[in-house]
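Okay, so here's the structure we're looking at.
The values are calculated or read from the model by the stated rules, or taken from the named source; none is laboratory data. Note that this is a predicted model, so its numbers are computed, not measured. Cβ placement follows ideal geometry from the backbone for every residue including glycine, while neighbour counts extend to all protein chains displayed.
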4 protein chains.
Amino acid sequence: MGIRLGDNQYGKAETHLVRVTRGDRTHDIKDVVVSIALAGDFDASHTSGDNSMVVPTDTQKNTVFAFAKEQPVGEIEEFGLRLARHFVGGFAAVHRARVSIEEHGWARINVGSRPHPHAFVREGAEKRVAIVTCTKESAWIVAGLSDLVLLKSTGSEFWGYPKDRYTTLEETHDRVLATGVVARWRYSVPELDWGVAFTDARNALIEAFAAKHSLALQQTLYAMGEGALKARTEIAEIRLSLSNKHHFLVDLSPFGLENDHEVFYAADRPYGLIEGTVARDDAPEPGLAW
Amino acid sequence: MGIRLGDNQYGKAETHLVRVTRGDRTHDIKDVVVSIALAGDFDASHTSGDNSMVVPTDTQKNTVFAFAKEQPVGEIEEFGLRLARHFVGGFAAVHRARVSIEEHGWARINVGSRPHPHAFVREGAEKRVAIVTCTKESAWIVAGLSDLVLLKSTGSEFWGYPKDRYTTLEETHDRVLATGVVARWRYSVPELDWGVAFTDARNALIEAFAAKHSLALQQTLYAMGEGALKARTEIAEIRLSLSNKHHFLVDLSPFGLENDHEVFYAADRPYGLIEGTVARDDAPEPGLAW
Amino acid sequence: MGIRLGDNQYGKAETHLVRVTRGDRTHDIKDVVVSIALAGDFDASHTSGDNSMVVPTDTQKNTVFAFAKEQPVGEIEEFGLRLARHFVGGFAAVHRARVSIEEHGWARINVGSRPHPHAFVREGAEKRVAIVTCTKESAWIVAGLSDLVLLKSTGSEFWGYPKDRYTTLEETHDRVLATGVVARWRYSVPELDWGVAFTDARNALIEAFAAKHSLALQQTLYAMGEGALKARTEIAEIRLSLSNKHHFLVDLSPFGLENDHEVFYAADRPYGLIEGTVARDDAPEPGLAW
Amino acid sequence: MGIRLGDNQYGKAETHLVRVTRGDRTHDIKDVVVSIALAGDFDASHTSGDNSMVVPTDTQKNTVFAFAKEQPVGEIEEFGLRLARHFVGGFAAVHRARVSIEEHGWARINVGSRPHPHAFVREGAEKRVAIVTCTKESAWIVAGLSDLVLLKSTGSEFWGYPKDRYTTLEETHDRVLATGVVARWRYSVPELDWGVAFTDARNALIEAFAAKHSLALQQTLYAMGEGALKARTEIAEIRLSLSNKHHFLVDLSPFGLENDHEVFYAADRPYGLIEGTVARDDAPEPGLAW
């Protein structure tokens, strides 16, 4: 009976880069957290500690910073592509490079209602995401977002589900629906105005959440995915992970009060978790995208 | 040698209430996390387990929900006052009630550029805060915010500091200044349009951060505090805690690149922490506000 | 061009159960966080809001609590099996159930050096994990741990790696090696003394980390995986994710001090992330284990 | 109406130092996170950006690392004293220095049941704490711990409390009592075997929690404080902050099951928070300890 090394990858995770672009009068900033994972001929490092093929993760970090200087960072999909291509192109042993980037938004501060040239306020917890995977021949681009939180105070129902001996949930025709959205969508094209496509997809997700009268969070998920696919034909497939952030109607009857869907307790755990993929029939093969 | 009970308080922390107000066509929501702390005649509970004076924390939680139904929540300062007054007014043993409320912002979703009547997207990590303290006779109102993050990409210097044998920091006339802001300000008036006052104070903090050319984060802190005091005469005193979120210029010279204040590494720890109070000369005594 | 629903699953995440077993004189406690994900015939819920097949996540939560009463929880692998089998067995629409359980350890408190019958102190951040996947015909058991943190103050080197224009890292023959361990291993048997097997695997991981002179964290990873496989023949495969928690030697030379591998700065981000699988040559197919 | 600077302090927070002591055959490690806050003549920095008195926080960080080399770190109370005395002693403008240190525990790994000379496993989330405050003339030592979590599965009651219209809680003569402990105690002596004193106090807290039949968490708090004071006469005063981590008995009656204090749902929020001080009658004045 032998023991062998299986799939493996390594890299530098969460290099936090802030790039300032100094224009004539105004500055722009880009705030990204870059994680790199390389796969390839790294067996010897595992089995005998031979690192002759192992690009140090410290070098990977340096490369992020150097690349941010050599050209503008641009859209995170582009920056990911540049980095991923560098590693598969520059090192024979690297067969696959995956670069995952989270971007934090910053808004320009207004002073006296005029935009300040170099002062910014951080936007919320939501992050824009790009995950770029390259081999020596191909590239796959996944974009997405995390930590977007949405809520409808009505327009959501849940009923008609099977009941067994452990079912106590009451059917409802009016509930609060709140969800934390994690979305990842795969593009079928290698080039695009990534920023506009991101905005279009994000808007479509949010609008579908709002507009769809919901009989189940699953139905909302499908509508959101469909919305994104319709908004951008370049999206082949979207994967959504929606937490169901329960808002329980508080029983106020012991206090002689009625609660007509007004007072809710927002619970932390447990929570529902609804995960699904919405895809085009003719979506190209995902390859190594995921 | 005897042993005795000293200062003590207790209460229910972090009751997460979401209140929906259902208008004719549109809904409004209020998302608050309420923490209550009561001080008073609770020695017997500590020393003999006699709970005859102890308002259960579960009752405190129920009260939050019931009060949210009985009247509109309103501004968090008002909701805090209603709750705090209830506990000192309704229970002889409660000498002091402190109600701390964090409010999370939600923005209305636009669908087809029209505001949706009952769908919302959560705004960032920043929280509006109110801390209301009541005795049977008096009340003190503190407002503030947490998790506001600001950054200037230039317009910040740091030099002229003492050097000792452990000093290696280079003086700089151009650095990135980034800070996480925690602010608490004490009002000298019992009634006010709390929402407008909050917005005015917040704007003043942000504008002062942006507009002040900074020779030290301490100087920025003072300017921010001064800005808030000037914006609202009802603010007697403001306490600011500013983390100095270091953005280190990456040394790109090993790669043959110059770094003219463009590429920064955003560090997590350690960080500077600058804390200070800015007050009016004629500020009334703080009493139990803090 | 059509749009279709792809892979999907849903369930209740992070139901936090504490089960007290009340013996004659002493109590035992089990503290677990249970997450359930069901896959199957749920298309109608997505596409038309028809929930007639959707076992509510609330029912799933209830089932966790009820099952904890009906029989002893036992080892988490067993509890996961009972739950997963219930869902695939009891509901025709459920084709696959995955139950993931995290267990938090508690140690009995000693009073006067005698074990107290019903008082406990929580053990560290480390968690024992089981992930059980069932179809109507089969079951797969994965066990593991998270948040185990290990450190060697010497016995670790890193050199012989390729240098390019972005390499600045110095080779080292003596460094601190610290890692946060996430391990998941797949069993090839359906029954076992899971508790003993877990302890054996965990010990093997830790001993291999300690005993292996390390030329790369990759080499340590392989040794750890090999150790676990050798410790328990029932383990077919192990997946390890090891963060490289960098401890940087502080340059004390500006202070006229030498730093002979004594004073380190423990950095948070970025960090290395080394991931790999170690498997038996004759491991059975993984099926739906992962 | 003038505006003025009030209380202020600044410093470097959370410098994470790992100190390796390399003995003949075995190594020891010390893992501490050091936060420094200085108060004094820093008005000019705030009001005019004059930093001539401002010891840079970067220098403070360097000092932590240099001091860790110059002498053994020793107990964290001692390390805090050395650092705090350095700042008030070396800089005329520094009137008060407060050094707060969190220590993370590491246990030696056993290989083949023999202790390994230089490999360690991190102990849980619990942290030992010291807070040392120095002026040019005096010093105050506070010690403590954070993130200690305790649970009793019985031996806890809660009844006899006042009922009002918002009370729904049922009285109980048997509940689970679980608490997250934050403790800070002030010593009345300037020198001590700090490590032994810490262990004695910690043990006393834990034993009192276990041994005390509890009619209220307040009563348990007092017993814990009293226990610590009795264990070490050098402790003048102890401040305890105990979260009441609610474990709710799950209602299993809908499933035809009885729940005889066996199955609990461990809730996250809201939680009770019980805070209190236990002190000696003859405790010396606290001065600037807190």
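For the range C:249-259, check the following and say yes or no: at least one residue is within 21 Å of C:LYS212 (Cα to Cα) and in contact (Cβ under 8 Å) with a residue 12 or more places away in the chain.
no
Collect the residues in the range C:157-211 that are out of contact with any Gly (no Cβ under 9 Å at 6 or more places or on another chain), among the basic types (Lys, Arg) and surrounded by 15 or more Cβ atoms within 10 Å (Cβ to Cβ), keeping them in residue-number order.
C:ARG175, C:ARG186, C:ARG202
Return yes when D:ASP268 is closer than 16 Å to D:LEU177 by Cα, at pLDDT 95 or above and part of a loop (DSSP other than H, G, I, E, B) and no when it is not.
yes
Say whether the condition of being more than 9 Å from every other protein chain (Cβ to nearest Cβ), within 27 Å of D:ILE3 (Cβ to Cβ) and in contact with a helix residue (DSSP H, G or I) (Cβ under 8 Å, 6 or more places away or on another chain) is met by at least one residue in the range B:275-284.
Checked the range B:275-284: no residue is more than 9 Å from every other protein chain (Cβ to nearest Cβ), within 27 Å of D:ILE3 (Cβ to Cβ) and in contact with a helix residue (DSSP H, G or I) (Cβ under 8 Å, 6 or more places away or on another chain).
Could you check the range A:262-286 and list, in sequence order, the residues that are over 19 Å from the mean Cα position of the chain (by Cα), of a type outside the set (D, E, K, R) and surrounded by fewer than 17 Cβ atoms within 10 Å (Cβ to Cβ)?
A:ALA267, A:PRO284
Listed residues A:PHE79, A:PHE67; which is within 14 Å of chain B (Cβ to nearest Cβ) and buried (at least 24 other Cβ atoms within 10 Å of the Cβ)?
When all the criteria are applied, what remains is A:PHE79.
Hey, does the range A:210-233 have a residue that's assigned to a loop (DSSP other than H, G, I, E, B) and farther than 30 Å from B:VAL33 by Cα?
yes
Which condition breaks for A:HIS118 when tested against (1) facing chain B (nearest Cβ under 9 Å); (2) in contact with a Lys or Arg (Cβ under 9 Å, 6 or more places away or on another chain); (3) within 26 Å of B:HIS104 (Cβ to Cβ); (4) surrounded by 20 or more Cβ atoms within 10 Å (Cβ to Cβ)?
(3)
Just to check your reading of the model, which residue among B:ALA93, B:ALA125, B:ALA130 is surrounded by fewer than 20 Cβ atoms within 10 Å (Cβ to Cβ), farther than 14 Å from A:VAL149 by Cβ and either out of contact with any Cys (no Cβ under 9 Å at 6 or more places or on another chain) or at pLDDT below 95 (or both)?
That would be B:ALA93, the only listed residue that is surrounded by fewer than 20 Cβ atoms within 10 Å (Cβ to Cβ), farther than 14 Å from A:VAL149 by Cβ and either out of contact with any Cys (no Cβ under 9 Å at 6 or more places or on another chain) or at pLDDT below 95 (or both).
Consider B:HIS86 carefully, then state whether it is more than 7 Å from every other protein chain (Cβ to nearest Cβ) and either surrounded by fewer than 24 Cβ atoms within 10 Å (Cβ to Cβ) or modelled with pLDDT under 95 (or both).
Yes; evaluated as a whole, the condition is true for this residue.
Being surrounded by 20 or more Cβ atoms within 10 Å (Cβ to Cβ), at pLDDT 95 or above and at the interface with chain B (Cβ under 9 Å from one of its Cβ atoms) is the requirement here; does A:LEU150 meet it?
Here the answer is yes, as A:LEU150 does meet what is asked.
On the basis of being assigned to a strand (DSSP E or B) and out of contact with any Lys or Arg (no Cβ under 8 Å at 6 or more places or on another chain), does D:PHE248 make the cut?
It is true that D:PHE248 is assigned to a strand (DSSP E or B) and out of contact with any Lys or Arg (no Cβ under 8 Å at 6 or more places or on another chain).
Here's a check for you: in the range C:172-192, which residue that is in a loop (DSSP other than H, G, I, E, B), in contact (Cβ under 8 Å) with a residue 60 or more places away in the chain and not aliphatic (A, V, I, L, M) is farthest from D:HIS27 (Cα to Cα)?
The residue in question is C:SER188.
Count, please, the residues in the range C:229-261 that happen to be more than 9 Å from every other protein chain (Cβ to nearest Cβ) and surrounded by fewer than 16 Cβ atoms within 10 Å (Cβ to Cβ).
2
Among the numbered conditions (1) under 14 Å from the mean Cα position of the chain (by Cα); (2) within 20 Å of C:ARG239 (Cα to Cα); (3) not charged (D, E, K, R), tell me where C:TRP140 comes up short.
The one condition C:TRP140 does not meet is (1).
Which residues, counting only those in the range B:9-37, are more than 30 Å from A:GLY155 (Cβ to Cβ) and more than 8 Å from every other protein chain (Cβ to nearest Cβ)?
B:ILE36
Examine the range A:111-131 for a residue that is part of a strand (DSSP E or B) and touching a Pro at 6+ places or on another chain (Cβ under 8 Å), and state whether such a residue exists.
No, the range A:111-131 has no match at all.
Exactly one of (1) farther than 25 Å from B:LEU257 by Cβ; (2) within 14 Å of chain B (Cβ to nearest Cβ); (3) out of contact with any strand residue (DSSP E or B) (no Cβ under 7 Å at 6 or more places or on another chain); (4) not charged (D, E, K, R) is unmet by A:ALA107. Its number?
If we test A:ALA107 against (1) farther than 25 Å from B:LEU257 by Cβ; (2) within 14 Å of chain B (Cβ to nearest Cβ); (3) out of contact with any strand residue (DSSP E or B) (no Cβ under 7 Å at 6 or more places or on another chain); (4) not charged (D, E, K, R), just (3) comes out false.
Go through the range A:38-52 residue by residue and tally those that are touching a residue at least 12 places away in the same chain (Cβ under 8 Å) and facing chain C (nearest Cβ under 7 Å).
3
Look through B:ASP24, B:ASP41, B:ASP28, B:ASP58 and report the one residue that is within 30 Å of D:ILE235 (Cα to Cα) and among the charged types (D, E, K, R).
Selected residue: B:ASP41, the only one of B:ASP24, B:ASP41, B:ASP28, B:ASP58 that is within 30 Å of D:ILE235 (Cα to Cα) and among the charged types (D, E, K, R).
Go over the candidates A:VAL132, A:VAL111 one by one and state the one that is touching a helix residue (DSSP H, G or I) at 6+ places or on another chain (Cβ under 6 Å) and more than 30 Å from A:ALA289 (Cα to Cα).
On inspection, the qualifying residue turns out to be A:VAL111.
Condition first: aliphatic (A, V, I, L, M) and either within 18 Å of C:GLY195 (Cβ to Cβ) or touching a residue at least 60 places away in the same chain (Cβ under 8 Å) (or both). Now tell me which residues in the range C:115-130 satisfy that.
The answer is C:VAL129, C:ALA130.
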